[in-house]
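Working notes, structure below.
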Amino acid sequence: MAFYEKPFYRDGVRMPIQCITVGLDASANAPSLHYHEYTELLFGLTGSAQVYIGAKHYTLQAGGMVIVHTGCPHDVLCREGTCSYIVVKFLPQVLLADEQTPSAYGHVLALMENSGEKQIAFPPAALEETALPALFLHIRSEWQEQALGYELSLRADVTQIYLYILRCWEAQHVPLLSRIRDMGQAEFIKHAIAYVQTHYPDLTAAETADACGVSATYFSRMFKRAMHQSFSDYVALVRLRQAEQLLLFTDDSITEIAQAVGFSTASYFISRFRETKHMTPLQFRQAAKSNAEKRNAPCPRNGI
């Protein structure tokens, strides 16, 4: 069962960015599936680790990077020998400034709203000619030394890393929030996203439009323009992500989960889940259990 990891406080202040260096030994793995409010960037230093995220797992090698999105249950284990890596955790909203262009606001919302299939694992070869390895080391140094203004330095470095990620997604033709034309639209989208997050089991476009103070027609048109998908498709994705949590952390039936997150029927839920995840909810649950068994399995020692 996953546990919720609370925000980190330093000197009584909640830190929007945190940096940790982790060392693991395959002979002493302690599975610890957890989730939190932060986006997490893992950068490999030595050896090789397995990063388990939901029903999937990714290899983190020295010089490579893996992204863990907000709220995703995850765990990292060393399968052989030893390994070490840097963890940079940040609240996506730390990238938002009071004064910025609407398009920049939209790009940050692309991270805050994890919709669509985005690349989250970057091999060492993809990063070796970039500034990212040096940025991760600089973040660690700033975090440890706490020199004057280190918080500003942390935000600047995280912004540079996210810019690299954002441009990679753009090159892969991942839909991004780049059509927001003014800050009024940006606030409108932000409010709509927040409303869906708290009302997703039972809501309509008309109700959400009313909560945003606009007409249903204007709402649907503006939402699709900014989000690159219809409101109904977006709500379905939110419901599917919530369904993943229930599949991972409860023994509820598929029908019970479908009803809990707002799908009208279990068959429609299964259809949308398969369309998005390329597997049925039951297969997703079984894959997650298989990952859990792997995390708890004895690890090879000294190559044996």
> Given labels modelled 7 Å from the Cα in the Cβ direction, how far is it in nm from GLU37 to ASP251?
Replying inline: 3.3
> Using a simple spin-label model with points 7 Å from Cα along the Cα→Cβ vector, what separation in nm is obtained for ALA211 and ARG155?
Replying inline: 2.8
>> Just to be sure I follow: if Rg is taken over the C-alpha atoms of segment 183-292 and Rh is the Kirkwood radius over the same atoms, what is Rg/Rh?
In response: 1.04
> How large is ³J(HN,Hα), in whole Hz, for each residue of segment 248-258 in order, when computed from phi with the Karplus curve 6.51 cos²θ - 1.76 cosθ + 1.60 and θ = phi - 60°, using x for Gly and Pro?
Replying inline: 7, 10, 9, 9, 4, 6, 4, 5, 5, 5, 4
> Rounded to a whole number, what is D in µm²/s for segment 233-279 from Stokes-Einstein with the Kirkwood radius over alpha-carbon pairs (37 °C, 0.692 mPa s)?
Replying inline: 318
>> Among DSSP bridges having both ends in the chain, what percentage is antiparallel? Round to the nearest 5.
In response: 90
>> Order 192-198, 131-137 from most to least packed using the mean count of other Cβ atoms within 10 Å.
In response: 131-137, 192-198
> Can you work out ³J(HN,Hα) from phi for every residue in segment 31-38, in order, using Karplus 6.51 cos²θ - 1.76 cosθ + 1.60 and θ = phi - 60°, giving whole Hz and x for Gly and Pro?
Replying inline: x, 8, 5, 8, 8, 7, 7, 8
>> How far apart, in nanometres, would the label points at LEU282 and ALA30 be if each is projected 7 angstrom from Cα along the Cα-to-Cβ direction?
In response: 3.8
> ³J(HN,Hα) across segment 59-67 via Karplus (A = 6.51, B = -1.76, C = 1.60, θ = phi - 60°), whole Hz, x for Gly/Pro?
Replying inline: 8, 10, 9, 4, x, x, 9, 10, 9
> Given Cα pairs under 8 Å that are at least 6 residues apart, what percent is the relative contact order of the chain?
Replying inline: 18
>> Pairwise over distinct Cα atoms, reciprocal of the mean inverse distance: report the Kirkwood radius of the chain in Å, one decimal place.
In response: 20.8
> Cα centroid distance between segment 234-270 and segment 156-231, in Å?
Replying inline: 22
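Read-outs throughout are calculated quantities, based only on the coordinates presented, and are distinct from any laboratory measurement. A quick note: this is a predicted structure, and the numbers were derived from the prediction, not measured. So basically every Cβ, Gly included, is an ideal-geometry build from the backbone, and we count neighbours across all protein chains shown.
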